[in-house]
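Undergrad: Pasting a structure here, questions to come.
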Protein chains: 2
Amino acid sequence: MKLSHWLPCLQWGRTYNRASASQDGLAAVIVTLMLIPQSLAYAMLAGLPPVTGLYASILPLLAYAVFGTSRTLAVGPVAVVSLMTAASLTPLFPAGSPEYIGAAMLLALLSGLLLAAMAMLRLGFVANFLSHPVVSGFISASGILIAVGQLKHLLGVSASGENLLHLLPELLQALPQTHWPTLIIGLLSLAWLGWARGYLKQTLQRLGLSAQLAGNLAKAGPVLAIVVAIIAVSLLHLQQAGVKVVGSVPQGLPGLTLPTLNLELAVQLLPAALLISLVGFVESVSVGQTLAAKRRQRIQPDNELLGLGAANLSAAFSGGFPVTGGFARSVVNYDAGAQTPMAGVFTAIGIGVSVMLLTPLLHDLPQAVLAATIIVAVLSLVDLRSLRHTWRYSRQDGAAQAATLFGVLLIGVEAGILIGVGLSLLLFLWRTSQPHMAVVGQVPGSEHFRNVERFAVVESPSVLSLRVDESLYFPNARYLEDRIGELIASRPQVRHLVLMCPGVNLIDASALDSLHAIVERLHAAGVQLHLSEVKGPVMDQLRRSDFLERFAGQVFISQFQALKHLAPQLTRETLERADTPSPIRDERNVS
Amino acid sequence: MKLSHWLPCLQWGRTYNRASASQDGLAAVIVTLMLIPQSLAYAMLAGLPPVTGLYASILPLLAYAVFGTSRTLAVGPVAVVSLMTAASLTPLFPAGSPEYIGAAMLLALLSGLLLAAMAMLRLGFVANFLSHPVVSGFISASGILIAVGQLKHLLGVSASGENLLHLLPELLQALPQTHWPTLIIGLLSLAWLGWARGYLKQTLQRLGLSAQLAGNLAKAGPVLAIVVAIIAVSLLHLQQAGVKVVGSVPQGLPGLTLPTLNLELAVQLLPAALLISLVGFVESVSVGQTLAAKRRQRIQPDNELLGLGAANLSAAFSGGFPVTGGFARSVVNYDAGAQTPMAGVFTAIGIGVSVMLLTPLLHDLPQAVLAATIIVAVLSLVDLRSLRHTWRYSRQDGAAQAATLFGVLLIGVEAGILIGVGLSLLLFLWRTSQPHMAVVGQVPGSEHFRNVERFAVVESPSVLSLRVDESLYFPNARYLEDRIGELIASRPQVRHLVLMCPGVNLIDASALDSLHAIVERLHAAGVQLHLSEVKGPVMDQLRRSDFLERFAGQVFISQFQALKHLAPQLTRETLERADTPSPIRDERNVS
């Protein structure tokens, strides 16, 4: 195990040169401009003082640059994780209170420890619990929930709630208290940001700028909104007119601080930390893999766990909150030409400089502008058409996605994701608990055996050939017993049952018990069990039990060999029937 | 849907005659004699007044006889379910208090409703979550925990605790307070019951009784212990000497009562009720299936759910607590010749008569005798050798069994079973998250394709043939992307990748997304994906997406057809190489 395996920066660092540095530097400038408003906004979304968002965008970026394997992933506060942070902390403490801030740091600490532990134990596969439909439903629903939650800042009213059932009535009730100056600022920002997202780049190009420059400038659209809004608020004394602003933001780099180290609270936050870690990891790895593939690079999931773990640990010790790799900003980083994680280092420096110099200027920034930034960003995450696609492809996957979507919207983020994961597992169990089994027969003129219901094949009356299209393991162990019982009961003349196992990739202890039970019951009925086409690894495992000695049957290399042994005459006759054409009815080349 | 499907009693009831009745009657007498001490003992174990055990052995038996499909299953209070009842209620109320009794009835109500709902929704497969190793570990650990928990009654001291870590120190501390007369009664009972279990039948046979009669009398061993103990206690005035007795047991049948209908409490008890239902169902179905198979009968799991649900509902409304089918007593019922569930009806009548007539006689019954009854019964459930067997067969299954065993012993029954189920699922995901994949080549002289690492086969340099030995679904979707990326990266001359899918029984939405991603990445690398040997149901599903149009490759009926199309010359040459003998190295007929 080489050191450079755990420190990927040693690999790209060796060949780092001025060309890479200038490309990384340019990307860093653009990402910094994008990250400042996002950091403030996502901190607000997480129920934290805006400056914590900036804090969470300094050290975590450095930590990821040291341990992460993606060349272009941009780490920091992201919408979904901020929402989950708020959802897990608001029931415990008043938002923004010192206890709340301490608990957010503790959440980052726990998340970092969990991710690092998963890296050490190579438990990255746990993220597989979150299937694509569940993640997709979760992200769409989070986007809607976040956008609706930000409407109160746009309206200048108070409203809260962890799901739409609480939020919407509160918003409707508060509608008469709408603060019109705030709403106007909010709507103007929304209009500008929405337009900039769609058309700014084209417009700038039409004005004669190069595509590259126009694209980069367009990404600074939110910064322009912020600058204009700050100027308008301070010139028109809008704060005195009741427009809520960000207020005093502390100046200077975060000190190294300890999160609240309260064991009882830690135990209470652990489930939330686990969910945040898994969701953050899945989101980050998806982005990282997509971007890496475009340049024929690869990322290592275990290193990603470590990188994100280190990022969260450093967020915990520098006044931040849970972070992960963000989709939009990583794409911007990639498009702007970032070559190595050094772009992240430069971005961290950019944010650090901003914290030292710019924070006094942020005092008059209206919260409505930040809310508009969030709304525009998260609405791009909402993809309801995918639900229709998934449902059309598979009812089970569609149900899991819908359950996650509505669970998040109507109950809450954590409940929603747990419902989705639970339902995926349940539907999966249901699906494999009744595996496809086919009675097979010999295709005339060949050694092949195919499903009697799809092909014109020859069956022996005394030998039942049964193909099981699933691993034999606990979800279907009992079903196998039932199904074989039924088949044998309906075929009194059968003396041998050959279980054809090309699709059996595993026989676990539950299924082994069932096989023993099946053998006993078949013996009582005067039928002998045999196996055929058992794969090597499965055979190796069976040899570690006493099944092969006790079941009194044979293990044949192929179904043909089994029938040749058990019903020699019929098998030979069928093989020699060269007259019959290939009797395939159902399957064909579809290209 | 016929009425007799839901009321199996209509089927056996039609042909019921005097011969069956006399056999059922005899079995009922023996089971009643066995059930009286067991009911009292398991009620004590559940922390309830002894009479509730008798109440739980009347109506539930009638209900099961109406709805159940097993001919010989004997329903009533059982050790494991009583332990789970106590574990879920003792943290809430003082044992034996009216609130505790009401909550036990509520638990039976919830359990009954859950079982009935599972029957209606055909959710019996949920019980598959409890794999054999988990159930085995759980039952062994429960047996140990129950036996240790009963030692306090044998010693005549006070001790409590939900796991060994609490129980053992308390017992050791209480050791100096041992009440010697109680201990002597307990040890004598234990000795008698242990001896009777092993040798009473033989001894009676040696005294000249027929095997049948000796066996039946031997089953009444516990009754003799009870009678002798009651006489000894009342003659020697042992209650005044400090021997704890059962005390006043109300006389007469239970009135129809309502359980505590407290919604908040119900929500709190729901998880426990679910676990009790599942464990009870699994235990009951295993016993039922085993006994039914011996007589070539079948049981219907959905009807069993309904039967047990009805049994628990009637327990809830007649002052009882959760019940299920018991192993020992069902075997006794079977051995004694029970033909139909009418034996259960007769047993219920026997217990009903006992409640009306015998309860005054039970006043002087020492608790130590009941404890001895429990200990002897549950120690037969403990099977630690099975752990070694499971571990030898499969590390994963062994780990799940050990985790359940130690979880129950060291933490508690509910935590233990949840840990076991969670670990099973986690290990299962881990196992399928990295499926076996084999690069395959053509076996010379044939149309077969086998693993290049196990067979001497011919590979085309430009066509990579990859066999996936697992369904493609969310646990392994990401792994597939990784693995194919690696393979292609290491084979620069490859132009076509044929995914051979005989072991792929499902492609879910997550895997479909991964396939899309794989196709895109392969295109970028100048490689075209094809599929071969796709099963009918999988093909049907793929047709419901746009994958087949978009992936630009072909779906071949067999791997041979694929290679014949993509590398015709090599394939033809290999097929014609008749000189090479069958190159099988690894697999062989092991019989």
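Undergrad: Given a 1.4 Å probe, how much area per residue of the stretch B:437-576 is accessible, in Å²?
TA: That works out to 36 Å² per residue.
Undergrad: Another question, then. Taking only protein heavy atoms and a 1.4 Å probe, what accessible area per residue, in Å², does the stretch A:264-330 have with all protein chains in place?
TA: 30
Undergrad: Moving on to the next point. Just the number, please: percent antiparallel of the DSSP beta bridges in chain B, rounded to the nearest 5.
TA: That works out to approximately 45 percent antiparallel.
Undergrad: May I pose another question? Relative to the longest principal Cα axis of chain B, at what angle does helix B:413-433 sit, 0 to 90 degrees, rounded to 10?
TA: Tilt of helix B:413-433: around 10 degrees.
Undergrad: Put B:ASP469, A:ASP513 in order of accessible area, largest first, 1.4 Å probe: what do you get?
TA: Descending order: A:ASP513, B:ASP469.
Undergrad: Could you compute how much accessible area chains A and B hide from each other, both sides summed, with a 1.4 Å probe? Nearest 100 Å² is fine.
TA: Interface area, both chains combined: 6900 Å², rounded to the nearest 100.
Undergrad: I've got another one for you. Any idea what the A:LEU261 label distances to the other copies are, label 7 Å down the Cα→Cβ vector, nm, shortest first?
TA: Label point to label point, same position, other copies: 5.4 nm.
Undergrad: Take every Cα pair under 8 Å in the stretch A:1-101 that's 6+ residues apart, average their separations, divide by the length, and report that relative contact order as a whole percent.
TA: Relative contact order of the stretch A:1-101: 28 percent.
Undergrad: Could you name the lysines whose alpha carbon sits less than 30 Å from that of A:LYS219, not counting residues in the same chain fewer than 8 places away?
TA: Qualifying lysines at Cα under 30 Å: A:LYS152, A:LYS201, A:LYS244, A:LYS294.
Undergrad: Suppose we keep just the DSSP beta bridges with both residues in the protein assembly as shown; what percent of those would be antiparallel, to 5?
TA: 45
Undergrad: Can you pull the percent of chain B's accessible area that's carbon plus sulfur, 1.4 Å probe, other chains left in place?
TA: Carbon plus sulfur share of accessible area: 63 percent.
Undergrad: In Å³ and rounded to a whole number, note down the convex hull volume per residue for the Cα atoms of the protein assembly as shown.
TA: Hull volume normalised by residue count: 211 Å³.
Undergrad: Okay, next question. Compute the helix-to-body angle for A:509-524: its Cα long axis versus the longest principal axis of chain A, expressed 0 to 90° and rounded to tens.
TA: Approximately 20 degrees, to the nearest 10.
Undergrad: Once the label point is placed 7 Å from Cα along Cβ, list for A:ASP335 the distances to the corresponding points in the other copies, in nm, shortest first.
TA: Here the equivalent label points are 7.9 nm apart from this one.
Undergrad: Additional query: Compute the helix-to-body angle for A:263-294: its Cα long axis versus the longest principal axis of chain A, expressed 0 to 90° and rounded to tens.
TA: 80
Undergrad: Now a separate question. Averaged over peptide A:380-393, how many Cβ atoms belonging to another chain are found within 10 Å of each residue's Cβ?
TA: Per-residue shielding by partner chains comes out at 2.
Undergrad: Now a separate question. Could you tell me the distance between the Cα centroids of the stretch B:525-554 and the stretch A:79-151, to the nearest Å?
TA: With the stretch B:525-554 and the stretch A:79-151 each reduced to a Cα centre, they are spaced 37 Å.
Undergrad: At a 1.4 Å probe, which residues in the stretch A:545-570 are at least 40 Å² less accessible with all protein chains present than in their chain isolated?
TA: Residues of the stretch A:545-570 that lose at least 40 Å² of accessible area once the other chains are added: A:VAL555, A:ILE557.
Undergrad: Using a cut-off of 24 Å between alpha-carbon atoms, which lysines can reach B:LYS2, once sequence neighbours fewer than 8 places away in the same chain are excluded?
TA: Partners found: none.
Undergrad: Can you run phi through the Karplus equation (6.51, -1.76, 1.60; θ = phi - 60°) for the stretch A:325-332 and list ³J(HN,Hα) in whole Hz, with x for Gly and Pro?
TA: x, x, 5, 4, 6, 5, 5, 4
Undergrad: Further question: Among B:LEU274, B:LEU106, B:GLY320, which residue has its Cα furthest toward the positive end of the charge dipole of chain B, with +1 on Lys/Arg Cβ and -1 on Asp/Glu Cβ?
TA: Projecting each Cα onto the dipole axis, the largest value belongs to B:GLY320.
Undergrad: Which order do B:MET356, B:MET34 take by accessible area at a 1.4 Å probe, largest first?
TA: Result, largest first: B:MET356, B:MET34.
Undergrad: Spelling out what I want: for every residue of the stretch A:207-214, take phi, set θ = phi - 60°, compute 6.51 cos²θ - 1.76 cosθ + 1.60 (Karplus), and round to whole Hz; glycine and proline get x.
TA: Result, ordered by residue: 7, x, 6, 5, 4, 4, 5, 4 Hz.
Undergrad: Can you give me the C-alpha center-to-center distance between the stretch A:306-335 and the stretch B:205-245, rounded to a whole angstrom?
TA: Cα centres, the stretch A:306-335 to the stretch B:205-245: 73 Å.
Undergrad: Which number comes out as Rg/Rh for the stretch B:437-576 once both Rg and the Kirkwood Rh are worked out on C-alpha atoms?
TA: 0.94
Undergrad: Sequence-distant or interchain residues sharing an amide H contact under 5 Å with B:THR69, placed H: which?
TA: Distant-sequence amide H within range of B:THR69: B:GLN300, B:GLU304.
Undergrad: Please list A:GLU481, A:GLU533, B:GLU486 in order of solvent-accessible area, largest first, computed with a 1.4 Å probe with all protein chains present.
TA: B:GLU486, A:GLU533, A:GLU481
Undergrad: Let me have the 222 nm mean residue ellipticity of chain B computed from DSSP H runs of 4+ only, each contributing -39500 (n - 2.57), with the sum over all residues rounded to the nearest 500.
TA: Taking each H run of at least 4 residues, the total per residue is -19000 deg cm²/dmol.
Undergrad: Could I ask something else about it? Report, as a whole number in µm² per second, the diffusion coefficient that Stokes-Einstein gives for chain A at 20 °C and 1.002 mPa s using the Kirkwood radius over alpha carbon pairs.
TA: 78
Undergrad: If you don't mind, there's one more thing I want to ask. In the stretch B:275-302, what residues drop by 50 Å² or more in accessible surface going from the chain by itself to the full protein assembly, probe 1.4 Å?
TA: The answer is B:GLN289, B:ARG296, B:ARG298.
Undergrad: Note the distances from B:PRO98 to each other copy's matching label point, with points 7 Å along the Cα-to-beta-carbon direction, in nm, sorted shortest first.
TA: Sorted ascending, the copy-to-copy spacings read 5.0 nm.
The values are calculated or read from the model by the stated rules, or taken from the named source; none is laboratory data. Quantities reported herein were computed from a predicted structural model and do not represent experimental measurements. Backbone-built Cβ (ideal geometry, glycine too); neighbour counts: all protein chains shown. Just the protein is used for accessible areas: all its heavy atoms, side chains included, with ligands, DNA and RNA removed. Shrake-Rupley method; radii C 1.70, N 1.55, O 1.52, S 1.80 Å.
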